[in-house]
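One structure below.
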Amino acid sequence: MVIKGISEEEGEVIAVHGDSATIKIKSNKACDKCHLCERVSPTEMVVDALTHDPVKNGEWVKISIPPGTIVKSATVLYILPIFGLVIGYYIGKVLLALISPGMKGELFPAILSLVFLFASFVPIRIYDRKKQKDSRFRIYIKEIVHRVPEL
């Protein structure tokens, strides 16, 4: 499944370096939340993409993000903090009952819930750094749409 504008775009090759190329693409509304590309103007962005086929400056290519990448990343980014909130709250309730059996209140569980929320960003950051080095989680050139003629 490919979602046009989110996981697939067309752009122009502006630089080639080894097994990757810098691609200039037009930004769209999905670009405001992704941050995989670097904005160079209000309407254009650049991104480094892996390539298996040789490309040249000026060629138009279709770039893509593996579909599972978006789902996996969204799951980690959105679900883990929610788990942190819920688990922190329940651990706070249990600890409050153990420390002070007759005391009732929501302040301690709420504070512990926030601590767990912020702590959940540590594994997210570790996951992000690990996946940045993994080629399966990088943008790649899917196909060449328009080749530059040979001289």
Look at region 71-98 and say how many of its residues are small (Gly, Ala, Ser) and either over 9 Å from Pro109 (Cβ atoms) or outside the structural domain of Ile126 (by TED's automatic domain parsing) (or both). 4
Within region 132-146, how many residues are surrounded by 13 or more Cβ atoms within 10 Å (Cβ to Cβ) and in a helix (DSSP H, G or I)? 1
Is region 33-43 home to any residue that is part of a strand (DSSP E or B), in contact with a strand residue (DSSP E or B) (Cβ under 9 Å, 6 or more places away or on another chain) and of a type in the set (D, E, K, R)? yes
Assess whether Val86 counts as being at pLDDT 85 or above, out of contact with any Lys or Arg (no Cβ under 8 Å at 6 or more places or on another chain) and surrounded by 14 or more Cβ atoms within 10 Å (Cβ to Cβ). no
Residue hits (region 51-100; part of a helix (DSSP H, G or I) and farther than 23 Å from Ile124 by Cα) are Lys93, Val94, Leu95, Leu96, Ala97, Leu98, Ile99
Selection status of Glu59, closer than 16 Å to Val145 by Cβ, of a type outside the set (Phe, Trp, Tyr) and either in contact with a Lys or Arg (Cβ under 6 Å, 6 or more places away or on another chain) or modelled with pLDDT under 85 (or both): yes
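Table: residues versus (1) surrounded by 12 or more Cβ atoms within 10 Å (Cβ to Cβ); (2) at pLDDT below 95; (3) more than 33 Å from the chain's Cα centre (by Cα).
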site	(1), (2), (3)
Leu80	yes, yes, no
Leu96	yes, yes, yes
Gly102	no, yes, yes
Glu106	yes, yes, yes
Val122	no, yes, no
Arg125	no, yes, no
Lys130	no, yes, no
Counting just the residues of region 38-92 that are in contact with a Ser or Thr (Cβ under 7 Å, 6 or more places away or on another chain) and among the hydroxyl-bearing types (Ser, Thr, Tyr), which one comes out nearest to Ala15 (Cα to Cα)? Thr51
In region 108-120, how many are farther than 21 Å from Tyr78 by Cα and either modelled with pLDDT under 85 or assigned to a loop (DSSP other than H, G, I, E, B) (or both)? 0
Does Val115 satisfy the condition of being farther than 30 Å from Asp19 by Cβ, touching a Ser or Thr at 6+ places or on another chain (Cβ under 8 Å) and touching a residue at least 12 places away in the same chain (Cβ under 8 Å)? no
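The values are calculated or read from the model by the stated rules, or taken from the named source; none is laboratory data. Every value quoted in this text rests on a predicted model; they were computed, and no experiment measured them. Virtual Cβ from ideal backbone geometry, glycine too; neighbours counted across all protein chains shown.
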